[in-house]
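Here's the structure, in C-alpha cells; my notes come after.
Values in this text are rule-based calculations from the coordinates and carry no lab data. Note that the coordinates shown come from a computational prediction; the quantities given were computed from them, not determined experimentally. No Cβ is skipped: glycine too gets one built from the backbone with ideal geometry, and neighbour counts run over all protein chains shown.
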C-alpha cells in the first residue's frame, strides 16, 4: 500500500502542459507509471507502445493516450495488478473517464462542454424540440393536405429548399464545432507533419477498427474473459450504415440539383438502395451495441457515460426505424406525420452530434493519426522503445 500511495503522489506531481491534473487524469498517470514498469500488455494496442515512449505523463499525454484507447478490455482481463490487487489498475475504465474530460475541455463553444455530462437530458430535449418543430411546420405548410395521400411527394409538405437550408445550417454547425474541438486537441503537443504513409495507416486503422481486435485478432473481452469480435462488427455495421445513408442523401442531392430529378425516387433507384442498406446497418449495429452496453462487464468503461452512449444509440435506431416506416408508407395518408417524426429525430441527431458519443470517433481518429506519426519518429527516450 505504501508503494501505491507513493505512485499516486508522484502522478499528482506530474502537472505538465495545461496545468494541474484532475483526479481522473492523476489516476491515469498513476496507472501508466505502473504499466510502464510492467509492460506485459505492450503488444495489445497502440496505447502501450505510445506509453513506453514516455517516462512522465502530463495532461497532454494523458488525453492523447485516453483517446488512443478503444476500451476493448483485454488489458484489464490480463492485468496482474487489476482491481482486486492493491494497485487497482483498470486502464479501460480510467481512460474512459478521462475521455469525457477531453470532450468537455475541447468543446466549442466552451460553454457547451457541460452538455457531454448531461447528454441524456440534452438528447431528450433535442428530440422533443425537433419533433415539435417539424410537427408544427408540417401542419402550417401542408394545411389541408395533412392526412391525404400525396404519392410519396415529401416536398408537398416541406419544400426541398426549406429542408436543405435547415439541415444544411445544422450540419455545418455540427461540423464546425467538432472541427474546432479536434483542432484544439491536435495542437496539444502536435507530433509534426503527417506523411502520406502515416495518414494511410491511420485511416486504415480507423476504418477497420484495428484496435478492437485486442492486438491479436481475437477481439475484445466483454462480460467475461472470452474473446469476441462482436463489438468490432457492430461498430462496423453502425459506421458504414451511417455512411451509406449519407451517400444516399448526397446522391439524391445530385439528382435534384444536377439532373433535376425530383423525389420520390423508385425503390430500385440508387438513393433508395443506398438508404435501405444504410438503414439496415443502423438497425443491426446500434441494436448490437445496445445489447453489449447493457451486458458489459461493470469494470469496463465509465458507468456515468452510459446515458450518453445509450442516447446516441437510441437516436440512430429511431432514425433508421422511422426512415423505413416513411419509405414503406410514403404513399399513404400517414406520410405527412411519418415525415415530420423522421425529420424531427434526424434534426435531434444533428443537434446533439457535437456534444455526444459521435465525438469519440473524431477524437480517436486524431489520436490514431498522432500515433502513426509518432511511431515513425526516433524515441525521445533513446531506450529502444517503439
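On C-alpha positions alone, give me the angle between the axis of helix 2-12 and the longest principal axis of the chain, in degrees, nearest 10.
Compared with the principal axis, the helix lies near 60 degrees.
Residue 167 to residue 263: extension gain in nm, 0.36 nm per residue of separation minus the Cα-Cα distance? Let's see the in-between values first.
Details: separation 96, 0.36 × 96 = 34.56 nm, distance 1.73 nm.
Here the segment from residue 167 to residue 263 would lengthen by 32.8 nm.
Roughly speaking, what is the centre-to-centre gap between region 55-105 and region 238-259 when only Cα atoms are used, to the nearest Å?
Centre-to-centre (Cα) distance: 37 Å.
Per 0.36 nm of contour for each residue apart, how much would the distance between residue 379 and residue 184 grow if the chain were fully extended, relative to their Cα-Cα spacing? Provide the component values of the computation, followed by the final result.
Values: separation 195, 0.36 × 195 = 70.20 nm, distance 2.45 nm.
Between residue 379 and residue 184, full extension yields an extra 67.8 nm.
In degrees, nearest 10, range 0 to 90: what is the angle between the Cα axis of helix 306-328 and the longest Cα principal axis of the chain?
Relative to the chain, helix 306-328 is tipped by roughly 30 degrees.
Under the classification rounded if a/c is under 1.5, otherwise prolate if a/b is larger than b/c and oblate if not, where does region 221-279 fall, given a ≥ b ≥ c as square roots of the Cα gyration tensor eigenvalues? All intermediate terms of the calculation are to be shown ahead of the outcome.
Working: a/c = 6.54, a/b = 3.78, b/c = 1.73.
Prolate.
Per q in 0.09, 0.10, 0.16 1/Å, what log10 I(q)/I(0) does a Debye calculation on the alpha-carbon atoms of region 110-359 return?
Log10 of I(q)/I(0), two decimals: -0.47, -0.58, -1.33.
Multiply the residue separation of residue 207 and residue 321 by 0.36 nm, subtract the distance between their alpha-carbon atoms, and state the gained length in nm to one decimal.
The residue 207-residue 321 span can extend by a further 38.5 nm.
Go ahead and estimate [θ] at 222 nm for the chain from helices alone: -39,500 (n - 2.57) per DSSP H run with n ≥ 4, summed, over the residue count, rounded to 500. Intermediate values should be presented prior to the final figure.
On the way: 14 runs with 238 residues, N = 386.
One gets -20500 deg cm²/dmol as the mean residue ellipticity at 222 nm.
Specify the residue with the greatest mean-square fluctuation among 361, 58, 241, computed from a Gaussian network of the chain linking alpha-carbon atoms under 10 Å apart.
The residue that fluctuates most here is 361.
Of all alpha-carbon pairs in region 265-354, indicate the percentage at a distance above 16 angstrom. Mind showing how you got there, number by number?
Working: 2440 of 4005 pairs.
When all Cα pairs of region 265-354 are counted, 61 percent exceed 16 Å.
For residue 303 paired with residue 37, estimate the spin-label separation in nm (one decimal), with each label point 7 Å from Cα along the Cα-to-Cβ line.
2.9
Run the quick spin-label model on residue 270 and residue 243: label points 7 Å from Cα toward the beta carbon, then report their separation in nm to one decimal.
Distance between the two pseudo-spin positions: 1.7 nm.
Measure nothing fancy, just the Cα-based angle from helix 196-208's long axis to the longest principal axis of the chain, in degrees from 0 to 90, nearest 10.
Helix 196-208 sits roughly 70 degrees off the main axis of the chain.
Using the scaling law 2.2 N^0.38 Å as the reference, what is the normalised Cα Rg of region 80-143?
Working: Rg = 20.3 Å, N = 64, 2.2 N^0.38 = 10.7 Å.
With N residues counted in region 80-143, Rg over 2.2 N^0.38 Å equals 1.90.
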